1. Of all the residues that make up the range 59-69, how many are open to solvent by 80 Å² or more (accessible area, probe 1.4 Å) and either in contact (Cβ under 8 Å) with a residue 12 or more places away in the chain or part of a helix (DSSP H, G or I) (or both)?
2. Report every pair of residues separated by at least 6 positions or lying on different chains whose Cβ atoms are under 6 Å apart, first residue within the range 39-53 and within 22 Å of THR2 (Cα to Cα) and at pLDDT below 75, second open to solvent by less than 80 Å² (accessible area, probe 1.4 Å) and part of a helix (DSSP H, G or I).
3. Select from the range 40-58 the residues that are hydroxyl-bearing (Ser, Thr, Tyr) and assigned to a helix (DSSP H, G or I) and write down the one among them that is surrounded by the fewest Cβ atoms within 10 Å (Cβ to Cβ).
Amino acid sequence: MTLIVCLGIFFVMLLVGLPVLLCLGFSCTVWLLVAGNGAAYLMAQKVFVSIDSFSIMAIPFFMMAGEIM
């Protein structure tokens, strides 16, 4: 049932003319809120762990250093 609701929201938002990024983001957020089995906690943990990498963090700091110079 949750899948049907999320897909319905996704396609309705696409038909309205919103960008795909917003459609995906909003439908995924609805699923995280409706699932209620700790999925939001797991998603936040995965995002933090994937960003907590030295090489990924070095790229924006390198660009910032170039702008400062």
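The values are calculated or read from the model by the stated rules, or taken from the named source; none is laboratory data. These numbers were taken from a predicted model, which means no experiment stands behind them. When we count neighbours, we look across all protein chains shown, and the Cβ atoms used for this are built from the backbone with ideal geometry, even at glycine. These area figures cover heavy atoms from the full protein model, side chains too; ligands, DNA and RNA do not enter into them. Shrake-Rupley method; radii C 1.70, N 1.55, O 1.52, S 1.80 Å.
1. 7
2. What qualifies is ALA39/LEU32; ALA40/LEU32.
3. SER55
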